[in-house]
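The values are calculated or read from the model by the stated rules, or taken from the named source; none is laboratory data. Just so we're clear, the structure is a prediction, and the values are computed from it rather than from any experiment. As a convention, Cβ positions derive from the backbone with ideal geometry for all residues, glycine included, and neighbour counts pool all protein chains shown.
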Amino acid sequence: MVDSKHKWKAWLYLSPALVLLAIFTIYPIINTIRLAFLEDYNMMAAINGKVFEFGFKNFEKVVAYRGFTTCLKNTVLLCVLTVPISTILALLIAVALNSIGPLRRFLQTIYFLPYVTNSIAIGMVFAAMFNVVGNISAEPPLIVTAGIINNFLGLFGVEPINWINVGSPYWANMTVMVVYIVWNALPFKILILLGGLQSVNKQYYDAAKVDGTSRARVLRKITIPLLSPMIAYVVITGFIGGFKEYSSIVGVFGEGMGPGDNLALNTMVGYIYQSLEGQHQGRASAAALILFAIILAVTLINLQVSKKRVHY
Amino acid sequence: MAVKKNREVIMHERDIEKTSQLQIVKTVFGTFFRYLFLLIVAFVVLFPFYWMIISSLKSLPEYKLNVPTFWPQEVMWGNYAEAFTAANLGTLFKNTIIVGVVSTILSLVITILTAFVFARLEFKGKNILFAGLLATMMIPGELFTITNYEVVTRFGWMNTYTVLIVPFLVSVFYVYLLRQNFMQIPNELYLAAKVDGTSDLKYLWKVMIPLALPTIISITILKMMGAWNSYMWPRLVANDEAHRLITNGLRNAFTAASGETNFPVQMAAVALVSIPLFLVFIFFRKYIMKGVSRSGIKG
């Protein structure tokens, strides 16, 4: 008797969550998969009663679309560049931070600051730092102020570079994005790796000290293996986040996703949103499924690699 | 013989002294370089914030000087007032706070109830249901957004507060986080309360919520920050003057405007959006860092 009353109550307490999840999480998974296979699905037309045929046209269109290759290339490039750079930097910072006494907590707090920011807002600050006021692509270039980064590089005799303005080269745009994304990704990675370091048993280090092992060797042979589960974790979450890169680019370049709104830095997620807003929901769904498949594959590869390398 | 042996011992001691001196020099250098490295990193981390603040206080002519100044010649507090009106920040703040507060409260109620059921109550299929919910966490949010966009259009929710609050009220991740915390509370307490005739809800309110308060605070802050930083969904479904949220408004205010950008005013607006986040961080650092280290998600 008590038990059945209990069950009834359990479902009552669960009902708000289950209703919301059913409508806004479970149904969308099924429906988005369905939309991906409805040829040229358009939401507005669907609401007006149009019926769509089943087929693979959406996927064909996504893959054939020239801009999609750019999106895929940009997304992969950003991942491949930012994940290793930010992981290695975070590891060095965490190890250094773990080995000092005074100022540790203070520095740790400072390093965490980029996490509690609005990626659009700070993207605009980075844009201001790299921005050249004037017309740098004119002949001869008209530079009112070159921006603080160019000023800094000027100290080493580097000519002002057109980082983000109209006519700027792809590598310069990419450099700005890599700098911004790494800056933004460090706090989380430092936090996790430092947490890992603090839970490492001190005995290993004492033993190494007795043996007179060099610092570099300690790092390679003790710290990294013991930290490998955390490293695997930040690499995997880094890749997942990297494949969904979007708002940091909007922060620096605006919705045009590139200098002069030329979409040169468009990403997979950017493509999905543009298709969605352009009333090509079928194509957006197909692209979202492709993105999901890529993330799943990369995560599985990462897990497979870490299974061989990670020492638990 | 005795003298010779003594000498050997002395030589050996000298050797030890030498190596230990070398050791000290090495340690001093090591510490020096470590601090140097860490301070350079701190400088790089802080520089954008510094640049944001000082740029926001310069006049436009000073901002455009060929050789940059590192401290404003004349502090222009007026930029902040101008930013406030130019970007219509008053309405944007109001909207964001309404959406943030309402969605956080509702989300907490639902999350606590759900976590309680999964942590304490028993019913058939509980574990399968919970595993199924966890599995949805792997799926990228864009996949949901596509269908939800259509669903809220059909519901007629476009350009309302409802559309900003309801669809993302339940976060499986927060349910998971809180359930883990609830599970650590000994079951004996619950059984004792049952014997005393305490109702489930009273037990939840009097015992479990106080004990899990740190986690609940973490969830509250992360959820509020999420509302403050959300960009894509609000842009898609509520981009009208009356309901626009802060992040969107900020980006729009300075891209839509034609003509020359007033950079100092733009930086002032950016600072106004960033400062509340810093304040929250200063006061709730511990909860934020704890929540983040267990989640790995932003907002």
_Looking at region B:110-144 only, could you name the residues that are over 20 Å from B:MET183 (Cβ atoms) and either in contact with a Pro (Cβ under 8 Å, 6 or more places away or on another chain) or outside any helix (DSSP H, G or I) (or both)?_
B:ILE139, B:PRO140, B:LEU143, B:PHE144
*State whether one or more residues within region A:151-173 are more than 30 Å from A:VAL218 (Cα to Cα), touching a residue at least 12 places away in the same chain (Cβ under 8 Å) and within 10 Å of chain B (Cβ to nearest Cβ).*
no
_Consider region A:2-59. How many of its residues are in a helix (DSSP H, G or I) and either within 30 Å of B:VAL195 (Cα to Cα) or out of contact with any Gly (no Cβ under 7 Å at 6 or more places or on another chain) (or both)?_
40
*Quick check, is A:VAL252 touching a residue at least 60 places away in the same chain (Cβ under 8 Å), farther than 18 Å from A:VAL80 by Cα, within 20 Å of the chain's Cα centre (by Cα) and buried (at least 16 other Cβ atoms within 10 Å of the Cβ)?*
yes
*asked:* Criterion first (over 28 Å from B:LYS202 (Cα atoms), more than 27 Å from the chain's Cα centre (by Cα), loosely packed, with under 15 Cβ neighbours inside 10 Å and among the basic types (Lys, Arg)) does A:LYS50 satisfy it?
replied: yes
*Flag for A:ILE249 being within 19 Å of A:LEU303 (Cβ to Cβ) and either assigned to a helix (DSSP H, G or I) or not acidic (Asp, Glu) (or both)*: no
*Name every residue in region B:154-211 that is in contact (Cβ under 8 Å) with a residue 24 or more places away in the chain, within 30 Å of B:ARG244 (Cα to Cα) and part of a helix (DSSP H, G or I), in order of residue number.*
B:TYR161, B:VAL163, B:LEU164, B:ILE165, B:VAL172, B:PHE173, B:TYR174, B:VAL175
*Among the candidates A:THR117, A:THR145, single out the residue that is surrounded by 18 or more Cβ atoms within 10 Å (Cβ to Cβ), free of Cβ contacts under 8 Å to residues at least 40 places away in the same chain, under 25 Å from B:ASN262 (Cβ atoms) and at the interface with chain B (Cβ under 8 Å from one of its Cβ atoms).*
A:THR145
*Kindly indicate whether any position in region A:197-204 is in a helix (DSSP H, G or I), hydroxyl-bearing (Ser, Thr, Tyr) and farther than 20 Å from A:LEU97 by Cα.*
no
*Assuming A:ALA264 fulfils every condition listed in (1) surrounded by fewer than 17 Cβ atoms within 10 Å (Cβ to Cβ); (2) away from chain B (no Cβ under 13 Å); (3) not in a helix (DSSP H, G or I) apart from one, which condition is it?*
(1)
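Here's the yes/no breakdown for (1) of a type in the set (A, V, I, L, M); (2) within 14 Å of chain A (Cβ to nearest Cβ):
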| residue | (1), (2) |
| --- | --- |
| B:LEU39 | yes, yes |
| B:PHE43 | no, yes |
| B:SER55 | no, yes |
| B:MET76 | yes, no |
| B:ASN79 | no, yes |
| B:ALA83 | yes, yes |
| B:ALA87 | yes, yes |
| B:ILE98 | yes, no |
| B:THR104 | no, no |
*Can you pull out the residues in region B:212-233 that are small (Gly, Ala, Ser), in contact with a Ser or Thr (Cβ under 7 Å, 6 or more places away or on another chain) and assigned to a helix (DSSP H, G or I)?*
B:ALA227
*Filter pass, B:GLN184 being closer than 19 Å to B:THR220 by Cβ, surrounded by fewer than 20 Cβ atoms within 10 Å (Cβ to Cβ), more than 12 Å from chain A (Cβ to nearest Cβ) and of a type outside the set (Val, Ile, Thr)*: no
*Do you know which residues across region B:86-112 are crowded, with 18+ Cβ neighbours inside 10 Å and without any contact (Cβ under 8 Å) to a residue 12 or more places away in the chain?*
none
*Test result for B:VAL67, within 11 Å of chain A (Cβ to nearest Cβ), surrounded by fewer than 12 Cβ atoms within 10 Å (Cβ to Cβ) and either assigned to a loop (DSSP other than H, G, I, E, B) or at pLDDT 90 or above (or both)*: yes
*Scan region A:275-288 for residues that are surrounded by 23 or more Cβ atoms within 10 Å (Cβ to Cβ), out of contact with any strand residue (DSSP E or B) (no Cβ under 6 Å at 6 or more places or on another chain) and more than 7 Å from chain B (Cβ to nearest Cβ) and report the count.*
4
_Hits in region A:169-190 (condition: of a type in the set (S, T, N, Q) and within 15 Å of A:ILE122 (Cβ to Cβ))_ = A:ASN184
*Residue that is touching a residue at least 24 places away in the same chain (Cβ under 8 Å) and surrounded by 21 or more Cβ atoms within 10 Å (Cβ to Cβ), where the choices are A:VAL298, A:VAL200, A:VAL310, A:VAL269*: A:VAL269
*asked:* Can you tell me which condition A:LEU21 does not meet? The list is (1) touching a residue at least 12 places away in the same chain (Cβ under 8 Å); (2) of a type in the set (A, V, I, L, M, F, W, C); (3) buried (at least 16 other Cβ atoms within 10 Å of the Cβ), and all the others hold.
replied: (1)
*For region A:236-247, does any single residue satisfy the condition of being of a type in the set (Val, Ile, Thr), touching a helix residue (DSSP H, G or I) at 6+ places or on another chain (Cβ under 8 Å) and either under 24 Å from A:ARG105 (Cβ atoms) or modelled with pLDDT under 85 (or both)?*
no
*If we scan region A:88-102, do we find a residue that is among the small types (Gly, Ala, Ser) and crowded, with 22+ Cβ neighbours inside 10 Å?*
yes
*Search region A:205-220 for residues being part of a helix (DSSP H, G or I) and free of Cβ contacts under 8 Å to residues at least 12 places away in the same chain, and hand back the single one that is farthest from A:CYS79 (Cα to Cα).*
A:VAL210
*What is the number of the single condition among (1) within 10 Å of another protein chain (Cβ to nearest Cβ); (2) under 27 Å from the mean Cα position of the chain (by Cα); (3) assigned to a loop (DSSP other than H, G, I, E, B) that B:LEU250 does not meet?*
(3)
